[in-house]
Amino acid sequence: MKKFLRFSVASMLSLLIMLPSFVNGAQVHRVSRGETLFTIATNYGITLNELINQNGYLRNHNNISAGQVVIIPQKKEANIYVVGEGDSLFKISQNLGVSVTDLAKENNITDVNRLSVGEKLKVPNGVIRPTKSGASTGEYIVKNGDSLFNIAQQFGVTVAALGEANNLGDWNFLYVGQILKIPTAPTQRTQQPEASFKETTASLVSMYPNTFFIKGASNTNKIALTFDDGPNQKYTNEVLDVLKQYNVPATFFVMGARVDHHPEIINRIVREGHVIGNHTWNHPDLRRVSQESLVNEINQTEDSIYKITGLRTALMRPPYGAVTRESIEGLIKEEYKIINWSVDSIDWRDQDVGQILINTLPDVRQGRILLFHDGGGEGQSHAATVASLPEIIQTLKYQGYEFVTVDELLNIPAYK
Ligand code: ZN
C-alpha cells in the first residue's frame, strides 16, 4: 500500500507561498512490508537511480524496512518526443542534440531502424532545457560555458560547498540547464547580510579544523542529533520522552536565560545520558557583539549550567551558526569547541512533520550533525519536531546509523 503524506489545503498553500524548498515537490513515503526501492520507484513513476539520489542516507539499498521513510523526489516532467513522418532515430537525435545510443538506451530500443510514426520517445534528462523559466531562490541554472568554479566564484561560495550541496560526484560534469542549489551559510530566523561577512562557514571550518565542526568522520556509522534554544517546559520534556523511548542520546545547546527557569529539565537531560552545550545567554548574533559581551554571554550560561549540574560544558553552538574569526579566537580562549551542523531540519520554519522529514533525511550521511529546535520564540510550537523524531530515528536506525552525542561523534571532551 502506498501512503501519501496528506497536507491540508491551507498548509499546502502556505508551503507553496512561503517555502522555496518545497518547490522541489518531494514527498514522504512510508515503507510497507514487502516493498523494495525498485517497487517504490516504479509505483511513483521514477527510476531507481532518481530514488537513490534523493535518499543519500540509504546505506543498504537492498535492505529497506517496513516502517522507515523514503523521500520521493518530484517526478521529472518527462521530455517526450513524438515520432513524426520520415523520422529516423538518427535525425531525431541530431535535432535533440543527443547521441543515438543515449536515445536508444533511454527507450529500450534494440532495433534502431524500427520506429513508428506517433511513437512517444522519452528524451534523456538534461537534453532539453527545464520547462521552468527561472531558478528559484537559492538555485542557479547552468549556462553554456559555466564551470563549477566560475559559478562558485559568482556566488562567493567554495567549489567544495557547491559540489557537496548538489551531491555532485564528478565536479567536471555539468550540463546546460542543470539546476544547482547554491549553498549559504546556515541561517536561522533572521536574514543575515552575508555579503558583509567575508568568511563562510566552510572557510572557517577549514581554518579552524580542531575548533569549528559541522560534522564528524564520514567513515563511521555515527550521527548526532542536536537541539537548540531550550530548555522549554513542554517541548524539551517531549523530546526527552521520545529519545528515552528509542534509547537515543542527543546534545542540547541551551540558552542561559532559560536555564535558570528550568533546573529540573537541565538535570533530566544530564541524568538521561545526554550532553549539554552552551548556546549563549540571550541568543545574539556573535558577529555583531563585542568580545566582552561574547565572553559574558558564554560565561554566564556556563556558570548557570554549572550551578545546576556541576558540569562545565566545553561545547558551544553560536546562535544562527554565525561566527567570525575574532569570535572563534575568543571562544578558543574560553576553551570551547564550536559545533555547527551539516543537516538542517529547518523545523523552526517548517512546522510540518512531512516537510521536516524532507528537509532532513536526504542530507543525512555518515558522521553528520542534525539540527533541531526544542525551544524558540514565545508560544512557538515544536510539536512537529517532536512528532518527526520517531520517524527520523527509526528510519536511520534501520539504515544502520548509530546515534551518539556530539562529543563522541567528534572525539572531543564534552566538559572541561
Ligand atoms: Zn538558536
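For the reader, a short list of remarks on this structure follows.
- Considered as a group, the residues in segment 319-330 that are among the aliphatic types (A, V, I, L, M) and assigned to a loop (DSSP other than H, G, I, E, B) include one that is farthest from the ligand (Cβ to nearest atom), and that residue is Val323.
- Scanning segment 247-287 for residues that are farther than 20 Å from Leu370 by Cα and within 15 Å of the ligand (Cβ to nearest atom) returns Gly256, Ala257, Arg258, Val259, Trp281, Asn282, Pro284, Asp285, Leu286, Arg287.
- Check on Val176, under 30 Å from Val83 (Cα atoms), at pLDDT 75 or above and among the hydrophobic types (A, V, I, L, M, F, W, C): no
- Those residues of segment 338-367 which are crowded, with 22+ Cβ neighbours inside 10 Å and over 24 Å from Gly25 (Cα atoms), in sequence order: Ile338, Ile339, Asn340, Trp341
- Residue in segment 343-364 that is modelled with pLDDT of 95 or more, more than 25 Å from Gly56 (Cβ to Cβ) and more than 14 Å from the ligand (Cβ to nearest atom) present: no
Here is a yes/no grid of residues against (1) on the phi < 0 side of the Ramachandran plot; (2) in contact with a Pro (Cβ under 9 Å, 6 or more places away or on another chain); (3) of a type in the set (Lys, Arg):
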residue: Asn49; (1), (2), (3): yes, no, no
residue: Gln54; (1), (2), (3): yes, yes, no
residue: Tyr57; (1), (2), (3): yes, yes, no
residue: Ala66; (1), (2), (3): yes, no, no
residue: Gly84; (1), (2), (3): yes, no, no
residue: Ser88; (1), (2), (3): yes, no, no
residue: Lys91; (1), (2), (3): yes, no, yes
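- Entirely in segment 223-318, the helices (runs of 4 or more DSSP H) that have 3 or more residues that are of a type outside the set (Gly, Ala, Ser) and surrounded by fewer than 20 Cβ atoms within 10 Å (Cβ to Cβ): 235-246, 263-271, 291-309
- Applying a threshold of 7 Å to beta carbon distances and a minimum spacing of six or more residues, or different chains, the list of pairs starting in segment 249-271 at a residue that is charged (D, E, K, R) and ending at one that is not in a helix (DSSP H, G or I) reads Arg258/Gly230; Arg258/Pro231; Arg258/Gly375.
- Of residues in segment 369-408 being acidic (Asp, Glu) and in contact with a strand residue (DSSP E or B) (Cβ under 8 Å, 6 or more places away or on another chain), the one surrounded by the most Cβ atoms within 10 Å (Cβ to Cβ): Asp374
- For segment 331-341, the count of residues that are under 30 Å from Leu58 (Cβ atoms), within 13 Å of the ligand (Cβ to nearest atom) and assigned to a helix (DSSP H, G or I) is zero.
- Segment 22-46, residues that are assigned to a loop (DSSP other than H, G, I, E, B) and exposed (fewer than 15 other Cβ atoms within 10 Å of the Cβ): Gly25, Ser32, Arg33, Gly34, Thr36, Gly45
- Selection within segment 365-404 - assigned to a loop (DSSP other than H, G, I, E, B) and either charged (D, E, K, R) or not assigned by TED's automatic domain parsing to the domain that holds Pro318 (or both): Arg365, Asp374, Glu378
The values are calculated or read from the model by the stated rules, or taken from the named source; none is laboratory data. Because the structure is predicted, anything quoted here is derived from the model rather than measured. Glycine also receives a Cβ, built like all others from the backbone with ideal geometry; neighbour counts cover every protein chain displayed.
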